[in-house]
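S.K.: Questions regarding the structure given below will be posed in turn.
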Amino acid sequence: AVTDGVVLQVGGLHPTAERELATTYGALRLPPAGPERAAFLAEHGGDVTVAVTGAGMDAELIGALPRLAAVINLGVGYDAVDVAALRPRGIALSNTPDVLTDCVADLAVGGLIDVYRGLSAGDRFVRSGAWAAGAKFPMRRRVSGARVGILGLGRIGRAVAHRLEAFGCSISYHNRRRVDDVAYAYAASPVELAASVDAFIVVTPGGAGTQALVSAEVLAALGPSGFLVNVARGSVVDQDALVTALGSGSLGGAALDVFAAEPQVPEELFALDNVVLLPHIGSATVETREAMAQLVLRNLERFLADGTLVTPVPL
Ligand code: 8YV
């Protein structure tokens, strides 16, 4: 039975979740990759029935856990979990939707305002002494009334749209499927969306289906007066094309919370005042991270009680 197995913690989690895993569930923590991990898996791999992860699960790790029945993922995005390795074995997966929607949407709007108005750049300008020395901060662009395109009109995309409606922005979107219950204009492709807006906000899931969806062509359609905001995954944007476009001025600016190979950020971007760089903090508030931890624990508790999950991902 699942209940007589071992709970495995993979990667760092929220302190609340780590404490509860250790005390209530006697969870074991997976050592970092290397000889120590290999020895750990040889000893305990056969006993693990549930994995709780803040760092994903690759096919090799899943393969080393023959009794694995559920993966409980901290985060709404589960692109770091190899679902192709879960499916044939019928391993269940949960994520943490809804509880982080507001905070991620807040950050997207914050990033948009920052890159439009130059909040971070203005702060640097003051701190550097440039203002006191008589320099003039360049005028920026107006947010209210801007035409905003949303790539991915899911829970977070809708929350972003809802906020920006209050700014008098006109909202349009592209999504795999047209969404019936909204009045926003639908664009048939990312390029079409980019060509018709001032700001383009990326809120799609990551993973193979959205890899480089925001291509060089999309960035070109957005153009020199267009702004990109990405709070989704770095993989959704062709990052090399983005760096080139920002460097050459063929894209107006960008606010980026996510990158292709975090925590590495292309150094070419460091000198650009029309780029806002954030360390993947969309969900990183005390309130939301606590709620995510609680949802992880509720999924674990429910799975061990009756084999179901509170927030299962359909696989
Ligand atoms: C991170 C996120 O997962 O929910 C997501 O998809 O990107 C974030 O909330 C968070 O850092 C937890 O590891």
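The values are calculated or read from the model by the stated rules, or taken from the named source; none is laboratory data. As the structure is a computational prediction, the values presented were derived from the model and not from experiment. Cβ sites come from the backbone with ideal geometry, for glycine too, and all protein chains shown count toward neighbours.
S.K.: Can you pull out every residue in the stretch 211-230 that is in contact (Cβ under 8 Å) with a residue 40 or more places away in the chain and in contact with a Ser or Thr (Cβ under 8 Å, 6 or more places away or on another chain)? Walk me through how you get there before you give the answer.
M.R.: Start the filter on the stretch 211-230 by keeping residues that are in contact (Cβ under 8 Å) with a residue 40 or more places away in the chain, which leaves 213-214, 225, 227, 229.
Within the stretch 211-230, just Leu213 meets the criteria.
S.K.: Determine which member of the set Leu61, Leu68 is closer than 18 Å to Gly207 by Cβ, touching a strand residue (DSSP E or B) at 6+ places or on another chain (Cβ under 9 Å) and more than 16 Å from the ligand (Cβ to nearest atom).
M.R.: On the way: Leu68 fails: closer than 18 Å to Gly207 by Cβ.
Going through Leu61, Leu68 in turn, the sole match is Leu61.
S.K.: Hey, another quick one. Suppose the filter is closer than 17 Å to Gly157 by Cβ, over 14 Å from the mean Cα position of the chain (by Cα), away from the ligand (no atom under 16 Å from the Cβ) and in the same structural domain as Asp123 (by TED's automatic domain parsing); does Leu228 pass it? First the steps, then the outcome.
M.R.: On the way: closer than 17 Å to Gly157 by Cβ: yes; over 14 Å from the mean Cα position of the chain (by Cα): yes; away from the ligand (no atom under 16 Å from the Cβ): yes; in the same structural domain as Asp123 (by TED's automatic domain parsing): yes.
Yes: the conditions hold for Leu228.
S.K.: Next up: Would you check which residues across the stretch 123-149 are farther than 14 Å from Gly253 by Cβ and small (Gly, Ala, Ser) and list them?
M.R.: Ser128, Gly129, Ala130, Ala132, Ala133, Gly134, Ala135, Ser144, Gly145, Gly149, listed by residue number.
S.K.: Which one of the conditions (1) outside the structural domain of Arg140 (by TED's automatic domain parsing); (2) touching a Lys or Arg at 6+ places or on another chain (Cβ under 7 Å); (3) more than 16 Å from the ligand (Cβ to nearest atom) does Val109 fail to meet, given that it meets all the rest?
M.R.: Only one criterion is unmet by Val109, namely (1).
S.K.: Against the condition in contact with a strand residue (DSSP E or B) (Cβ under 7 Å, 6 or more places away or on another chain), small (Gly, Ala, Ser), over 30 Å from Asp273 (Cα atoms) and surrounded by 15 or more Cβ atoms within 10 Å (Cβ to Cβ), how does Gly75 come out, does it pass? Quick ask: steps written out before the conclusion?
M.R.: Working: in contact with a strand residue (DSSP E or B) (Cβ under 7 Å, 6 or more places away or on another chain): no; small (Gly, Ala, Ser): yes; over 30 Å from Asp273 (Cα atoms): yes; surrounded by 15 or more Cβ atoms within 10 Å (Cβ to Cβ): yes.
No; evaluated as a whole, the condition is false for this residue.
S.K.: Does Arg289 qualify as being touching a residue at least 24 places away in the same chain (Cβ under 8 Å) and touching a Pro at 6+ places or on another chain (Cβ under 8 Å)? Walk me through how you get there before you give the answer.
M.R.: Values: touching a residue at least 24 places away in the same chain (Cβ under 8 Å): yes; touching a Pro at 6+ places or on another chain (Cβ under 8 Å): no.
When the stated conditions are applied, Arg289 does not pass them.
S.K.: Oh, and also: Of (1) under 27 Å from Pro97 (Cα atoms); (2) more than 14 Å from the ligand (Cβ to nearest atom), Glu290 satisfies all except one. Which?
M.R.: Only one criterion is unmet by Glu290, namely (2).
S.K.: What number of residues within the stretch 174-212 are closer than 19 Å to Ala254 by Cβ and touching a Gly at 6+ places or on another chain (Cβ under 9 Å)? Step through it out loud before you land on a result.
M.R.: Within the stretch 174-212, the first condition is being closer than 19 Å to Ala254 by Cβ, and the residues that meet it are 174, 190-191, 193-204, 206, 210-212.
Of the ones still in play, those that are also touching a Gly at 6+ places or on another chain (Cβ under 9 Å) are 174, 190, 193-204, 206, 210.
Looking only at that region, the number is 16.
S.K.: Can you pull out the residues in the stretch 138-157 that are among the hydrophobic types (A, V, I, L, M, F, W, C) and either within 18 Å of the chain's Cα centre (by Cα) or surrounded by fewer than 22 Cβ atoms within 10 Å (Cβ to Cβ) (or both)?
M.R.: Of the residues in the stretch 138-157, the ones among the hydrophobic types (A, V, I, L, M, F, W, C) are 139, 143, 146, 148, 150-151, 153, 156.
Of everything in the stretch 138-157, those that are among the hydrophobic types (A, V, I, L, M, F, W, C) and either within 18 Å of the chain's Cα centre (by Cα) or surrounded by fewer than 22 Cβ atoms within 10 Å (Cβ to Cβ) (or both) turn out to be Met139, Val143, Ala146, Ile150, Leu151, Leu153, Ile156.
S.K.: Oh, and also: Being charged (D, E, K, R) and more than 26 Å from Val148 (Cα to Cα) narrows it down to one residue among Arg298, Arg233; which is it?
M.R.: Unique residue meeting the criteria: Arg298.
S.K.: Continuing with this model, one more query. Restricting attention to the stretch 257-287, which residues are crowded, with 20+ Cβ neighbours inside 10 Å and within 13 Å of the ligand (Cβ to nearest atom)?
M.R.: Asp257, Val258, Phe259, Leu278, Gly282, Ser283
S.K.: Does any residue in the stretch 184-195 that is of a type in the set (S, T, N, Q) come within less than 7 Å, Cβ to Cβ, of a residue that is surrounded by 15 or more Cβ atoms within 10 Å (Cβ to Cβ) and not in a loop (DSSP other than H, G, I, E, B) six or more places away or on a different chain, and which pairs are these?
M.R.: These pairs meet every condition: Ser189/His174.
S.K.: Which ones in the stretch 236-262 are within 20 Å of Ala146 (Cα to Cα) and hydroxyl-bearing (Ser, Thr, Tyr)?
M.R.: If the condition is that a residue be within 20 Å of Ala146 (Cα to Cα) and hydroxyl-bearing (Ser, Thr, Tyr), then Ser250 is the only one that fits.
S.K.: Checking the condition within 12 Å of the ligand (Cβ to nearest atom) and either in the same structural domain as Arg298 (by TED's automatic domain parsing) or among the aromatic types (Phe, Trp, Tyr) (or both), which residue from Val52, Val7 passes? Lay out the reasoning, then the answer.
M.R.: Working: Val7 fails: within 12 Å of the ligand (Cβ to nearest atom).
Testing whether each residue is within 12 Å of the ligand (Cβ to nearest atom) and either in the same structural domain as Arg298 (by TED's automatic domain parsing) or among the aromatic types (Phe, Trp, Tyr) (or both) leaves just Val52.
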